[in-house]
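The values are calculated or read from the model by the stated rules, or taken from the named source; none is laboratory data. Treat the numbers as computed from the prediction; the structure is a model and nothing was measured. Positions of Cβ are generated from backbone atoms using ideal geometry, with glycine treated the same way; all protein chains shown enter the neighbour counts.
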Amino acid sequence: MAVDMREITYTFAALRDENDIKQLLFKSQLPTDGIISHLKDFILAKSTGGIIGVVGLEAYDGIGLLRSLAVLPEVRGKGIGKELCSRAIAHAHTQKINELFLLTTTADSFFAKCGFHKIGRNLAPAPLQASVEFKSLCPDSAVCMRMQLSERAIYFPREILTLKSDVPGAKMWGIALEKTLLTFFEVEPHCRFDRHNHESEQITMVLEGELFFELDDETFSVKKGEVIAIPSNISHAVFTRDKHVKAIDAWSPVMPQYVRPNHALQATLATHRPCGKRA
Ligand SMILES: CC(C)(COP(=O)(O)OP(=O)(O)OC[C@H]1O[C@@H](n2cnc3c(N)ncnc32)[C@H](O)[C@@H]1OP(=O)(O)O)[C@@H](O)C(=O)NCCC(=O)NCCS
């Protein structure tokens, strides 16, 4: 199969991909059970001819299982496996997973190159021991490997930074380490974050449009390429006028409501009083 490496795209799996994923895993002699429950955490490599690689993540409250990494035999050895693995690690980070585990019978040296270390299978945490993969999908002889995400630098390719629509009037993503958070917001015109304050220091840079910061004694208009720095616990409101706005913000300490895993984000933004449309 001729694949132009420049045309490979990486995307999250959709329901319609389930059968193609199963076929690829079957061809690669990997188990196919339990995929559907975790499909939203599967990442695909696609070329014009369809799916050429896959990797899956099972998330269990702070720990994760990387599974189902497979690349079509005819396009192996071109770096696709490594690209998929690094996307699975970045996605795990966005899901607040700190420890990532896997079982493999065939590719322990591949995973060692990706940063995993061998551990005794009995050392994997209980939720993983109870997972389908641990219980029945892989034989006892499979090697168990582990990665601690907080001990390494993580690269986030564009497609992992998916915008979430949980904030009315805005879309955002957030990436956090222990003490620092970076967020990216796209805010609709005529939108307002009501007056609030927070312990976190906030430094905002506008990338596009114009964002207004209303403080006690004055309102600042922050335009493209400009920055506003707000110390801890300073009361402020934020609003847009007639322009869409794109902005990045650095926060310290981390605002936890901006780095919830997908399933837990909704409603948690209330502490930051998300914006509502102006009448
Ligand atoms: C394992 C697999 C996903 C690797 O995909 P790939 O696209 O061929 O891997 P890459 O081209 O990104 O290889 C990255 C590096 O790992 C090495 N590598 C690839 N497969 C390897 C393997 N099975 N064992 C050891 N090293 C391997 C490559 O030589 C390359 O080394 P380099 O960076 O020093 O050049 C692929 O071989 C596969 O689908 N295997 C069958 C399914 C499987 O065993 N999956 C893992 C179990 S969950």
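Would you mind telling me which numbered condition in (1) at pLDDT below 95; (2) over 15 Å from the mean Cα position of the chain (by Cα) LYS96 fails?
(2)
I'd like to know if region 14-28 contains one or more residues that are at positive phi and away from the ligand (no atom under 12 Å from the Cβ). Show your work before the answer.
Of region 14-28, the ones at positive phi are none.
No, every residue in region 14-28 fails to be at positive phi and away from the ligand (no atom under 12 Å from the Cβ).
Looking only at region 156-187, count every residue that is more than 23 Å from GLN202 (Cα to Cα) and touching a Lys or Arg at 6+ places or on another chain (Cβ under 9 Å) and tell me the total.
Matching residues across region 156-187 total 3.
Within region 1-27, take every residue that is within 21 Å of ILE89 (Cα to Cα) and either in a loop (DSSP other than H, G, I, E, B) or of a type in the set (Gly, Ala, Ser) (or both) and give me the one that is nearest to the chain's Cα centre (by Cα).
Applying the filter and picking the extreme gives ALA13.
Taking interchain pairs and intrachain pairs at least six residues apart, which have beta carbon atoms under 8 angstrom, with the first residue in region 105-131 and free of Cβ contacts under 8 Å to residues at least 60 places away in the same chain and among the charged types (D, E, K, R) and the second part of a loop (DSSP other than H, G, I, E, B) and more than 15 Å from the ligand (Cβ to nearest atom)?
Sorted first by the residue in region 105-131, then by its partner, the pairs are ARG121/ASP140.
Given the conditions (1) within 29 Å of PHE12 (Cβ to Cβ); (2) free of Cβ contacts under 8 Å to residues at least 40 places away in the same chain, and given that ASP217 satisfies all but one, which numbered condition is not satisfied?
(1)
Taking SER86 as the residue in question, decide whether it is in contact with a Cys (Cβ under 9 Å, 6 or more places away or on another chain) and among the hydroxyl-bearing types (Ser, Thr, Tyr).
Details: in contact with a Cys (Cβ under 9 Å, 6 or more places away or on another chain): yes; among the hydroxyl-bearing types (Ser, Thr, Tyr): yes.
Criteria met by SER86.
So which strands (runs of 3 or more DSSP E) are wholly in region 193-244 and hold at least 3 residues that are assigned by TED's automatic domain parsing to the domain that holds LYS171, closer than 20 Å to MET255 by Cβ and at pLDDT 95 or above?
On the way: elements: 201-208, 210-214, 219-223, 227-230, 236-240.
Correct list: 201-208, 210-214, 227-230, 236-240.
Kindly indicate whether any position in region 130-150 is under 30 Å from GLU201 (Cα atoms) and surrounded by fewer than 17 Cβ atoms within 10 Å (Cβ to Cβ).
Filtering region 130-150 down to residues under 30 Å from GLU201 (Cα atoms) leaves 148-150.
Still in the list and also surrounded by fewer than 17 Cβ atoms within 10 Å (Cβ to Cβ): 148, 150.
So far as region 130-150 goes, yes, one or more of its residues are under 30 Å from GLU201 (Cα atoms) and surrounded by fewer than 17 Cβ atoms within 10 Å (Cβ to Cβ).
Looking at PHE156, PHE101, PHE134, can you tell me which residue is more than 20 Å from GLU83 (Cα to Cα) and among the aromatic types (Phe, Trp, Tyr)?
On the way: PHE156 fails: more than 20 Å from GLU83 (Cα to Cα); PHE101 fails: more than 20 Å from GLU83 (Cα to Cα).
Every option except PHE134 fails the conditions.
Run ALA142 past the list (1) more than 21 Å from ILE51 (Cβ to Cβ); (2) near the ligand (Cβ under 10 Å from one of its atoms); (3) free of Cβ contacts under 8 Å to residues at least 24 places away in the same chain and report the number of the one that doesn't hold.
(3)
Mind listing whichever residues of region 120-129 are in contact with a Lys or Arg (Cβ under 9 Å, 6 or more places away or on another chain) and within 16 Å of the ligand (Cβ to nearest atom)? Reasoning before the result, please.
Residues of region 120-129 that are in contact with a Lys or Arg (Cβ under 9 Å, 6 or more places away or on another chain), as a first pass: 123-124, 129.
Residue satisfying the conditions is ALA124 alone.
Could you grab me the full set of residues in region 91-128 that are buried (at least 20 other Cβ atoms within 10 Å of the Cβ) and of a type in the set (A, V, I, L, M)?
If the condition is that a residue be buried (at least 20 other Cβ atoms within 10 Å of the Cβ) and of a type in the set (A, V, I, L, M), then ALA92, ILE97, LEU100, LEU102, LEU103, ALA124, LEU128 are the ones that fit.
Filter region 61-118 for residues that are assigned to a loop (DSSP other than H, G, I, E, B), more than 11 Å from the ligand (Cβ to nearest atom) and under 16 Å from ILE43 (Cα atoms) and give the result.
GLN95
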